2 protein chains.
Amino acid sequence: MTKGEETRQAILARAFELATVVGVSGLSIGRLAEEMKLSKSGLFAHFGSKEALEVAVVEEASRQFVQDVMVPALRKPRGEPRLRALFDRWLQWGQRPGGCFFVGATAELDDRPGPPRDALVRAIKDWVDELAKATRIAVSEGHFRDDVDPDQFAFETYGLMLGGHTFSRFLREPKALDRARSAFEALIATARASASRTK
Amino acid sequence: MTKGEETRQAILARAFELATVVGVSGLSIGRLAEEMKLSKSGLFAHFGSKEALEVAVVEEASRQFVQDVMVPALRKPRGEPRLRALFDRWLQWGQRPGGCFFVGATAELDDRPGPPRDALVRAIKDWVDELAKATRIAVSEGHFRDDVDPDQFAFETYGLMLGGHTFSRFLREPKALDRARSAFEALIATARASASRTK
């Protein structure tokens, strides 16, 4: 990395942390510049606009998500073990200060069309597709039965995570993550149980 | 209702609609006063503070939710039919312009302690308790098996709704609501299927 790339990356790492707490729109160029000991114009030079900074922050969030959640899970055996690792890591990801960046940003950018929203839709679709792919592999490995719908499984898993996140962070329900885990176990048991029934 | 109460109610109805789209914090006293043809101080007199207005808007949202979702469902027979009606009405509620008030406000007030957040936590807990209660009735009516955990069922149903809302509004997935309905059917089938197995 050149010095310029390093600075850009350092700005993004801090901007991502801040955005997880204050939201993407809540990012202040002034505050970010102050924290990075840069002038506002110096910071701006790395991105060109507030909007471009927001897009870059969404992409940074994706990069960290891939690194923290997906890469370790991909080291696990294909099929059910990998799917479980994806779910576990994902729950951990949501326990950061400020919670899950993606959940917060979804509500924030929902009614704000434009490049930051588009980047976030891409990131979330990639993640849902990754869950569906891991489910498809669990089918092809014989862990799940043949008629499990991977997209439906991914949808239901995503819903559980959203429920766990809301119950944990917003309602401060102490059993929230246990409930999410039990629900995930039930989902897996259903995908499996029928496998042993039909095979 | 006195004239003052009528005006207050009219302000709240409009404030609720606006807040569903722009968020609770996004409510502008100025804009609201203009729309209601009141002076800012005249509007303020009804609430006393922006914070008190926000609390009143959360309570208005709850009132409308009870009226649109809960009251019609309570007319259905106890047990599974009532639970289904709650779920159907809830999906419809999320289809309003701006989506579900409660989902948006949850993300918005998550990290903002204070009376508006407390009011929202109360409203959502009431709703989750209502779902658990309807599930408990489905057990006592013999529609669901005895060992179904009503709180777990309510948690999972809540997660499905959150998933349906995100996939529909944010990802603009055309099958989102069908996926939520299928998942709810699967949840009911599991609660029931085992009933027919154990009884």
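The values are calculated or read from the model by the stated rules, or taken from the named source; none is laboratory data. Just so it is clear, the model here is predicted, and its values are computed rather than measured. Here the Cβ positions follow ideal geometry from the backbone for every residue, glycine too, while neighbour counts run over all protein chains shown.
What the table shows:
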{"quantity": "Residue check for B:V24: crowded, with 19+ Cβ neighbours inside 10 Å and part of a helix (DSSP H, G or I)", "calculated": "no"}
{"quantity": "Count - residues of segment A:38-72 that are closer than 20 Å to A:L91 by Cα, of a type in the set (A, V, I, L, M) and touching a residue at least 24 places away in the same chain (Cβ under 8 Å)", "calculated": "4"}
{"quantity": "One residue from A:T135, A:T190, A:T106 being under 16 Å from the mean Cα position of the chain (by Cα) and of a type in the set (V, I, T)", "calculated": "A:T106"}
{"quantity": "Residues of segment A:167-192 that turn out to be among the hydroxyl-bearing types (S, T, Y) and at the interface with chain B (Cβ under 8 Å from one of its Cβ atoms), as a count", "calculated": "2"}
{"quantity": "Given (1) at pLDDT 95 or above; (2) more than 15 Å from A:G163 (Cα to Cα); (3) part of a helix (DSSP H, G or I), index of the condition A:F87 fails", "calculated": "(2)"}
{"quantity": "Residue tally, condition part of a loop (DSSP other than H, G, I, E, B) and surrounded by fewer than 16 Cβ atoms within 10 Å (Cβ to Cβ), over segment B:90-106", "calculated": "3"}
{"quantity": "Residue under evaluation A:D126, criteria (1) at pLDDT 95 or above; (2) under 20 Å from B:Y158 (Cβ atoms); (3) in a helix (DSSP H, G or I), criterion not met", "calculated": "(2)"}
{"quantity": "Selected residue (only one of B:A138, B:A154 is among the aliphatic types (A, V, I, L, M), without any contact (Cβ under 8 Å) to a residue 40 or more places away in the chain and more than 8 Å from chain A (Cβ to nearest Cβ))", "calculated": "B:A154"}
{"quantity": "Residue list for segment A:107-135, restricted to those being surrounded by 14 or more Cβ atoms within 10 Å (Cβ to Cβ), more than 10 Å from chain B (Cβ to nearest Cβ) and not charged (D, E, K, R)", "calculated": "A:P116, A:A119, A:A123, A:W127, A:L131, A:A132, A:A134, A:T135"}
